[in-house]
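Here is the structure we will look at, set down as structure tokens.
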Amino acid sequence: MLSRVINLLVALTAITLGGFLALNYPVGTLLPISGFVAIAVISFYQPSLFLIIIPAILPVSGFAPWTGWISFEELDLLVLATATGGYARFAFDGKLDASQRTSSLLLLLSILMSVSILISMTRGFADAGGFVFGWFQGYDGPMNSVRIGKSFFLALLLIPLIARLQNTLGTITSRKLGLGIAIGLGTASIAALWERLAFTGLLDFSSDYRSTALFWEMHVGGAALDGWLLLTIPFSIWALRNSRSTFQFVLSLCLVGLAAYASLTTFSRGVYLALMVALPLLAWQTRSQLKPVEIHQESLTWGFFHWMIALVLLGTMAGLVFPTGGYRGLLALFGLIAISLSMPQVLRKISLAQFCSSCLTGLFLGALLVVLSNFLPKGPYVLYTFLFMLTFPALYWPRIWAIASSPAITMASFVGLMLSAANVAGYWGGVEALPGAFGALTLMFLILVWAAFSKRPLWPNDLRWQGGLLTTAVAVSGLISVFGGGAYMGDRFSTSSSDLDGRLLHWRQAVAMLQTSADITFGKGLGRFPANYYFAIPTGAFPGTYQIKEQNGNSWLSLVAPRHPISFGDVFRISQRLSFSAKGPFVVDLKVKTNAATAIHVEVCEKQLLYPGGCVVGSVTVKATNAEWQPVHIRLAGAELSGGPWYAPRLKMFSLGILNKSGAATLDDVVLTTDRGANLLRNGEFTNEMQHWFFTSDRDHMPWHAKNLLVNILFDQGMAGLGLFLLLTVCALWRLNLGSAREHEISPYLTAAIIGFLVVGLFDSLTDVPRLAFLYYLVILYALSLGTLGKRRKRMHSKKRAPAAQVVQQ
């Protein structure tokens, strides 16, 4: 009875808080209330679905650039709705199973961490001058402590729900969580893919553009996308290995490819390092999880040494083709690799004489077709496509019809396709591309001959395995493209030493701000790094700030520029999203007050978050107004905004800022119009504070972050909080690898996710992103509860002594 009452109280608290947030949602209440009710109903009738829903939509459910909310966000509504339905179900679903127990370790660590966070939250309020509630406070307000601290409590709120599901559903719970995290990787990667297609193009690795996907938290820099990728990429491997149908396997392969592309286009050295640590660790830990058939087919043939040789060969071929043959030559090489993987099985039925005659036939006919194709528009591409479509089905003729000549025809077609691939590279890169292309093709041909006539197959004749190798080839080629296809990544690596020196200095400055014994023990307070950095660090590092002020019922925006020379990227911007259909020419009208001559900058840019794709801009210098409002009229100039391709439209953003160093101004009644006269802005008079407005610091990022996970926690929560964070993490890893959860199928993937996250955290704060911190704490707390539940299941089944195969099936 007591448990029912507790569950009901939690559900009522969740619906009260969630309803309050939904009713105050800045861009309308119908959608958030409807969504809240829908999630609550789903959680009541299908409690386990939240394990899929929450991780899946989390990367694309942050709308701060539209709402203006920073302290609160859609994550809060999502978790509170889930808690409403889940705990209500518990309240009306009878008593909890008598076998359900709470881990003493999990309970103790949760209590201690909660106390630490609450203490640091209170210290954050005090450091901000006292607690004042507000919907639209920035990072220097007391509500930023709430923003940072809520993630742990939101994750903790879901753990009893997961524990109940784990108790009743067993391994199905972990599989649904794994599926949800894998889908979350997919949604984040698709968002990153859209961003690249819209603003740089798919294969542009030279532009100074790092993917942010839909993580608005990167508006002042940071590594939100980096941390999300490393937390979720291990589950793409989990999805690949647990695919039960060809369709699922193909989807999983696509997911791995998307994740690889998203990771590469972060251009983050931390991401690359974390992947180099986490993925080999995952491969080592899961080597014993291969199915018996997979072990027989793959492990005996392809051990570590074989895979290393394959990676070297793939990298060599891609390295020979790409520098001069470009992406088109590389794509032609992919097609050859895809076909060559299935060739040995067909060629084993061919004699040496047939093989030689087929090669000569293919060489003669292929050369003739190559010559003719060069007289046609796009002829090399057309010929390659034709020969690929001829060769690919020919591989399967022997399985459908008994055609004796099929292997010979297939080999002749393949040789012609090889010549066509070289022609594609030459058509794109000129004569200079041919030596590299023929070098790669010669290497491939020699491997194929060896595979065709060896007594033992060189690789498994399994489509799933071959799909995995092809995905590996894509990843290797992606690395070659990033490092060889543009100067951007090379430039980043060339500055690694100086960048590390800068980080070390930044970390020392952050720690030096902890001056009292209370600071060292309990931290300055959650989310107080930006505000303290403003005052503790030399003024040249000040990045700019803003404040909404009100007097006699009138509100306005007070804007202060950075205290260092300002380039276009250094402008501290106050921005608002515009509709996709917004088209110029644009005119801006506003009122300004300033005590000194100030250069006001306004712009409309095609912009996702930090990097503009195209802009129309305007500026005006306003003289001192002697406390009087001065009207300003600015016509924006520049090339017409393209809008982006139809399949990846570009977002648009209006921004205003101050161009002169240490400039300050008061702004009000901001209006953006077109020739049609319609105002495109909302809340331009700032009567609703920062509703619909959003700030960005496009290039000046260091003042906003401690730039190290452990330093950030030390600054926020002191030695006590840092010790508890490390203890929580170490205990979770111990449970997964040495404790009672070590044999659980999902343990290696959770371990790899945690380790990858921590490696990225060597170079960025991470826990100052609520969505990211929520998922990390959810993984950690779930890992601790998983160990306890594993013990209970072992006790429950010890008397049954079921065969091992039956236990696996359960």
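The values are calculated or read from the model by the stated rules, or taken from the named source; none is laboratory data. From a predicted model like this one, the values you see are computed outputs, not experimental measurements. So basically every Cβ, Gly included, is an ideal-geometry build from the backbone, and we count neighbours across all protein chains shown.
Could you tell me whether the range 19-36 includes any residue that is polar (S, T, N, Q), modelled with pLDDT of 90 or more and touching a Ser or Thr at 6+ places or on another chain (Cβ under 6 Å)? Checked against the condition, which is being polar (S, T, N, Q), modelled with pLDDT of 90 or more and touching a Ser or Thr at 6+ places or on another chain (Cβ under 6 Å), the range 19-36 yields no hits at all.
When D698 is tested against (1) buried (at least 17 other Cβ atoms within 10 Å of the Cβ); (2) modelled with pLDDT of 90 or more; (3) not polar (S, T, N, Q), exactly one condition is not met: (2).
Against the criterion of being in a helix (DSSP H, G or I) and either out of contact with any Phe, Trp or Tyr (no Cβ under 8 Å at 6 or more places or on another chain) or closer than 30 Å to G124 by Cα (or both), L8 does not qualify.
With respect to the conditions (1) over 18 Å from G180 (Cβ atoms); (2) at pLDDT 95 or above; (3) surrounded by 15 or more Cβ atoms within 10 Å (Cβ to Cβ), I39 falls short on a single one, namely (1). Cβ separations smaller than 8 Å between residues 6+ apart or across chains give the following pairs from the range 260-276 residues that are over 13 Å from T232 (Cβ atoms) and in a loop (DSSP other than H, G, I, E, B) to residues that are modelled with pLDDT of 90 or more and not small (G, A, S): T265/R196; T266/L225; T266/D226; T266/L229; S268/D226; S268/V760. Please work out if S575 is in the same structural domain as N688 (by TED's automatic domain parsing), of a type in the set (G, A, S) and touching a Phe, Trp or Tyr at 6+ places or on another chain (Cβ under 8 Å). The answer is yes for S575.
Restricting attention to the range 645-683, the residues being assigned to a loop (DSSP other than H, G, I, E, B), in contact with a strand residue (DSSP E or B) (Cβ under 7 Å, 6 or more places away or on another chain) and closer than 15 Å to Y546 by Cα number 2.
In the range 709-729, the residue that is farthest from R508 (Cα to Cα) out of those that are crowded, with 24+ Cβ neighbours inside 10 Å and polar (S, T, N, Q) is Q717.
Filtering the range 215-237 for residues that are more than 21 Å from T767 (Cβ to Cβ) and in contact with a Leu (Cβ under 8 Å, 6 or more places away or on another chain) leaves a non-empty set.
Criterion first (surrounded by fewer than 24 Cβ atoms within 10 Å (Cβ to Cβ) and either in contact with a helix residue (DSSP H, G or I) (Cβ under 7 Å, 6 or more places away or on another chain) or at pLDDT below 95 (or both)) does T767 satisfy it? No, not satisfied. Figure legend. Inter-residue proximity from the range 138-165: first residues closer than 19 Å to V220 by Cβ and charged (D, E, K, R), second residues assigned to a helix (DSSP H, G or I) and modelled with pLDDT under 95, beta-carbon distance below 7 Å, spacing 6+ or different chains. Indicated pairs: D140/P530; D140/A531.
None of N708, N683, N679, N688 is polar (S, T, N, Q), touching a helix residue (DSSP H, G or I) at 6+ places or on another chain (Cβ under 9 Å) and modelled with pLDDT of 90 or more except N708.
The set of residues from the range 513-539 being free of Cβ contacts under 8 Å to residues at least 60 places away in the same chain and either part of a loop (DSSP other than H, G, I, E, B) or within 32 Å of the chain's Cα centre (by Cα) (or both) comprises Q515, T516, P538. All of (1) crowded, with 19+ Cβ neighbours inside 10 Å; (2) modelled with pLDDT under 95; (3) out of contact with any Ser or Thr (no Cβ under 7 Å at 6 or more places or on another chain) hold for S48 with one exception: (3). Looking only at residues of the range 431-482 that are assigned to a loop (DSSP other than H, G, I, E, B) and among the polar types (S, T, N, Q), we find that the one that is nearest to Q345 (Cα to Cα) is N461. Residues in the range 627-640: is at least one surrounded by fewer than 18 Cβ atoms within 10 Å (Cβ to Cβ), small (G, A, S), under 30 Å from A191 (Cβ atoms) and not assigned by TED's automatic domain parsing to the domain that holds T212? Checked against the condition, which is being surrounded by fewer than 18 Cβ atoms within 10 Å (Cβ to Cβ), small (G, A, S), under 30 Å from A191 (Cβ atoms) and not assigned by TED's automatic domain parsing to the domain that holds T212, the range 627-640 yields at least one hit. Among (1) over 26 Å from G326 (Cβ atoms); (2) under 18 Å from the mean Cα position of the chain (by Cα), there is one condition S211 misses while meeting the rest; what is its number? Every condition holds for S211 apart from (1). The listed residues are V60, V115, V132, and the only one of them that is within 28 Å of the chain's Cα centre (by Cα) and surrounded by fewer than 17 Cβ atoms within 10 Å (Cβ to Cβ) turns out to be V60.
Among the residues making up the range 323-371, those that are of a type in the set (D, E, K, R) and either over 14 Å from G426 (Cβ atoms) or touching a His at 6+ places or on another chain (Cβ under 8 Å) (or both) are R348, K349.
Say whether the condition of being buried (at least 18 other Cβ atoms within 10 Å of the Cβ) and outside any helix (DSSP H, G or I) is met by at least one residue in the range 93-108. Within the range 93-108 (the criterion being buried (at least 18 other Cβ atoms within 10 Å of the Cβ) and outside any helix (DSSP H, G or I)), the answer is yes, since at least one residue qualifies.
Scanning the range 142-167 for residues that are among the polar types (S, T, N, Q) and surrounded by fewer than 21 Cβ atoms within 10 Å (Cβ to Cβ) yields one hit, N167.
For the range 624-644, the set of residues classified as farther than 18 Å from Q551 by Cβ and of a type in the set (D, E, K, R) consists of R635, E640, listed by residue number. Here F580 meets the list (1) in contact with a Phe, Trp or Tyr (Cβ under 8 Å, 6 or more places away or on another chain); (2) closer than 19 Å to A198 by Cα; (3) in a loop (DSSP other than H, G, I, E, B) almost entirely, failing just condition (1).
In the range 593-606, the residue that is farthest from K623 (Cα to Cα) out of those that are among the aliphatic types (A, V, I, L, M) and buried (at least 21 other Cβ atoms within 10 Å of the Cβ) is V604. Evaluated against (1) farther than 30 Å from S3 by Cα; (2) small (G, A, S); (3) more than 18 Å from the chain's Cα centre (by Cα), G149 falls short on exactly one condition, (1). Considering the range 428-460, the residues that are closer than 20 Å to G329 by Cα and among the small types (G, A, S) include one that is surrounded by the fewest Cβ atoms within 10 Å (Cβ to Cβ), namely G430.
Taken together, L514, L470, L504 contain a single residue that is modelled with pLDDT of 75 or more and surrounded by fewer than 16 Cβ atoms within 10 Å (Cβ to Cβ), which is L504.
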